[in-house]
Amino acid sequence: MREDIVRVVVREFEPERDKEAVEVLEKTCEVGPSGKMSLFTDLLGDPLCRVRHSPSFFMLVAETCGPLRQIVGVVRGCIKTVTCGKKPNRSPSGAKQYTPIYTKLAYLLGLRVSPAYRRMGIGLTLVQKMEEWFRSKGAEYSYIATDSDNEASISLFTLRSGYTKFRTPSILVHPVFAHHFPLHYRALRLLPLSPSDAELLYRRRLSTTEFFPRDIGSILHNPLSLGTYLALPSDYPWTGLDSFLAELPASWAVLSVWNCKALFRLEVRGAGKWRRWLSKATRAIDKALPCLRIPSVPDVFRPFGMYLMYGIEGEGKDAAEMLRVLCRHVHNLAREGGCAAVAAEVAAEEPLRKGIPYWRRMSCAEDLWCVKRLAEEYSDGAVGDWTKAAPGKSIFVDPREF
């Protein structure tokens, strides 16, 4: 019989000592409403996999006191410098331009508490201890992401930890079919960009977008970033990125691809037999008759991998359709890579959203990001309190934190 109050010690995660115990804890925690289908994450033996590619990261565990010590809670955190606003200035030609305003932002993620030890304040203690580390590293803000219907998580952060509801992006997920996705190239050409060219393009076009990471080059040069692809009109005379930026075509689109499959696997549990049977039947038909290009449901009831599309940008009346072709290209890459899904996370008002194919039942219409101000002063007074800033049409989703 458990007591209402359990004494725990919160300390830094020690891989050799704690790895197995953390894996056991993770397996007991489901993501999703109780009694319904739930999403489980297999971290492939690396509890730090979702933060270790960030510039600075940390992990804490909560361990019970006494002779039978047990890890009953974990939390992860990472810190980076991102864009929080923009300020106008004048170019030498007199044209009005904007430069980014940066802030040091912390991200708190992977908070897990053993079901047998919930509602004892352990989650709150882990959050508070992680915030102490954030402040010690000079972070000015902290944010978290949670499901909009996860009442327990929202209550913990907004009512007990001082966070404010901030942004509501959508996670758009598309299954990977058994057949190859046809691409329509007649009016388009797809160009792969080198990491250096991609960095230059993103800094020119997205550096003033909220959450844009100042170390974008580190992301693009990371082996997990599988490439950046630019869609252009087929008759556009490509001579290099410099000429492209000097004179943009009427329409264009770009995105990058991140290999989440190498970091973790997902699995849907709790599905009924009829769902599994229907999924299997659609795959069988798709494999037997690929020429019909019948949409099929991948086997998400066993551990599966996915690719993330990030750095989505473009402009012009045909940009959304160009983006759609790029998404199909990523689908084919994911199919070759043995993935079951491709995903993108975009702002609620993202102008290019209509160019991203997705299945509603596999997607999350409203992810919830909550933010908290940690510092007493601001890095740049031009923004003021970022927690009160109105949302922009776009956000930059860092693939390292997806």
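What distance in nm lies between label points placed 7 Å from Cα along the C-beta direction at V24 and R186?
The modelled label-to-label distance comes out at 6.3 nm.
Skip the ligands, DNA and RNA, and give the accessible area per residue of the chain with a 1.4 Å probe, whole Å².
Result: 49 Å² per residue.
Which residue, L105, L289, L48, has the most motion in a Gaussian network model of the chain that connects Cα atoms within less than 10 Å?
Greatest mean-square fluctuation among the candidates belongs to L289.
Using a cut-off of 20 Å between alpha-carbon atoms, which aspartates and glutamates can reach K287, once sequence neighbours fewer than 8 places away in the same chain are excluded?
Result set, ordered by chain and number: D299, E336.
Taking only DSSP H segments of four or more residues, each worth -39500 (n - 2.57), what value at 222 nm results for the chain once the sum is divided by all its residues, to the nearest 500 deg cm²/dmol?
Calculated mean residue ellipticity at 222 nm is -7000 deg cm²/dmol.
Looking only at V24, V257, V74, which one moves most when the chain is put into a Gaussian network model with springs between Cα atoms under 10 Å?
Highest fluctuation of the listed residues: V24.
So for region 82-142, taking the charge dipole from beta-carbon charges (+1 Lys/Arg, -1 Asp/Glu), which of M120, T83, M130 sits furthest toward the positive end?
With unit charges placed on the Cβ atoms, the residue in question is T83.
Between R361 and R52, what is the FRET efficiency for a Förster distance of 45 Å, r being their Cβ-Cβ separation, to the nearest 0.05?
E between R361 and R52, to the nearest 0.05, is 0.90.
Among K96/K388; K19/K393; K36/K104; K96/K261; K19/K280; K36/K388, which pairs are too far apart, with a Cα-Cα distance over 32 Å?
Working: K96/K388 25 Å; K19/K393 41 Å; K36/K104 38 Å; K96/K261 43 Å; K19/K280 35 Å; K36/K388 36 Å.
Exceeds cut-off: K19/K393; K36/K104; K96/K261; K19/K280; K36/K388.
Residues with beta-carbon under 10 Å from that of F181, excluding F181: net charge, scoring Lys, Arg +1 and Asp, Glu -1?
So the environment of F181 carries a net charge of +3.
Long-range amide H contacts for G227: which residues qualify at under 5 Å (H placed 1.01 Å from N, peptide plane, sequence gap of 5 or more or a different chain)?
V257
Under a 10 Å cutoff between Cα atoms, tell me which one of A365, A116, A389 has the largest fluctuation in the Gaussian network model of the chain.
In the Gaussian network model the winner is A116.
Considering only protein heavy atoms and a probe of 1.4 Å, how much of the accessible area of region 297-396 is carbon and sulfur, as a whole percent?
Within region 297-396, the accessible surface is 47 percent carbon and sulfur.
How large is the accessible surface of W359 in square angstrom, using a 1.4 angstrom probe and rounding to the nearest 10?
80
Would you mind telling me the share, in percent, of accessible area of region 18-168 contributed by carbon and sulfur at probe 1.4 angstrom?
49
With the cut-off at 1.5 for a/c, could you classify region 117-255 from its C-alpha gyration tensor as rounded, prolate or oblate?
prolate
Hey, what did region 21-151 get for relative contact order, percent, Cα under 8 Å, at least 6 apart?
23
Check the straight Cα-Cα distances from K354 and name the aspartates and glutamates below 12 Å, setting aside those fewer than 8 residues away within the same chain.
D318, E321
Calculate the FRET efficiency for K388 and R69 from the Cβ-Cβ distance with a Förster distance of 41 Å, rounded to the nearest 0.05.
Result of the calculation: an efficiency of 0.40.
Where in the chain is the longest stretch that carries no GluC sites (Glu not before Pro) classed as loop by DSSP and with at most 10 other Cβ atoms within 10 Å?
After excluding every exposed loop site, the longest remaining stretch is 4-246.
The values are calculated or read from the model by the stated rules, or taken from the named source; none is laboratory data. These numbers were taken from a predicted model, which means no experiment stands behind them. No Cβ is skipped: glycine too gets one built from the backbone with ideal geometry, and neighbour counts run over all protein chains shown. Protein only, heavy atoms only, side chains kept; ligands, DNA and RNA dropped before computing areas. Shrake-Rupley method; radii C 1.70, N 1.55, O 1.52, S 1.80 Å.
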